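The structure under discussion appears below in the form of structure tokens.
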Amino acid sequence: MNSDSLKKALWLTPLVLFVVLGILLYNRLGAETQIIPSQLDRELLPDFSLENLNKPGELLSAEDLPKGPFLLNVWASWCPTCRIEHDLLMDLSAKGVRIVGVDFQDDADTARAYLSDAGDPYLSEHLSDPQGLYAVELGLTGTPETYVIGSDRRVYQHIVGAIDPVMWEQRIEPCLNWLDGGQAQRDTDPAAQAEEICL
């Protein structure tokens, strides 16, 4: 390859990457939020050792997660759809919904600054996943994505895209409430009931 061809290739590469990323972002922004079958459906959350976004240097593991049902929300400060979802997460947090954040492929200082300005709906145990390796284990397809986790640390729902009020009220809240109801309130076949309520 001569020097002119090399210069042209070096100049075109960022442009091509920008166009491809733009197309992916456009398609994701236009996509309808949906609950999908997760590769972790009814499986335990993968183990992890990740830094706490709120306390740099402190490592968190699965033992640090809430003991009751909670939402695991994968987000990033650079994600425009995450910003759309943010107000609803703030409302849910104010109502007592436990939300664990996973900051995905982000600069930690930028993420903390964003939460300082926009408000922080997350628990203090906030996972920082700068390389995105844990998100890959979760089966992430993009941001934002949210997982409904039971007190048994199993995944009961996987929401792709921003949560909206209708999806929260009709699909996610009933599942979370059922998980929070306690084993004594469930029928003799909790797996079958979970299939019906947390579909």
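Only the coordinates and a few stated rules stand behind these numbers; no lab work does. As the structure is a computational prediction, the values presented were derived from the model and not from experiment. All Cβ positions, even for glycine, are placed from backbone atoms using ideal geometry, and neighbour counts span all protein chains on display.
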> What is the sum of charges around Lys95, taking Lys and Arg as +1, Asp and Glu as -1, for the other residues whose C-beta is under 14 Å from the C-beta of Lys95?
Replying inline: -4
> Which value does Rg/Rh take for the stretch 95-176 over its C-alpha atoms, Rh per Kirkwood?
Replying inline: 0.95
> What is the local net charge at Asp109, summed over the other residues whose Cβ is closer than 15 Å to its Cβ (Lys, Arg +1; Asp, Glu -1)?
Replying inline: -4
>> Taking the beta-carbon count within 10 Å as an exposure proxy, list Met167, Met90 from fewest neighbours to most.
In response: Met90, Met167
> What is the distance, in nm, between label points placed 7 Å from the Cα along the Cα-to-Cβ direction at Lys95 and at Ala108?
Replying inline: 3.3 nm
> What is the gain in length, in nm to one decimal, between Ala62 and Glu43 on full extension, counting 0.36 nm per residue of separation less the C-alpha to C-alpha distance?
Replying inline: 5.5 nm
>> Can you tell me the length gained on complete extension of the stretch Asp87 to Ser116, counting 0.36 nm per residue apart and subtracting the Cα distance?
In response: 9.1 nm
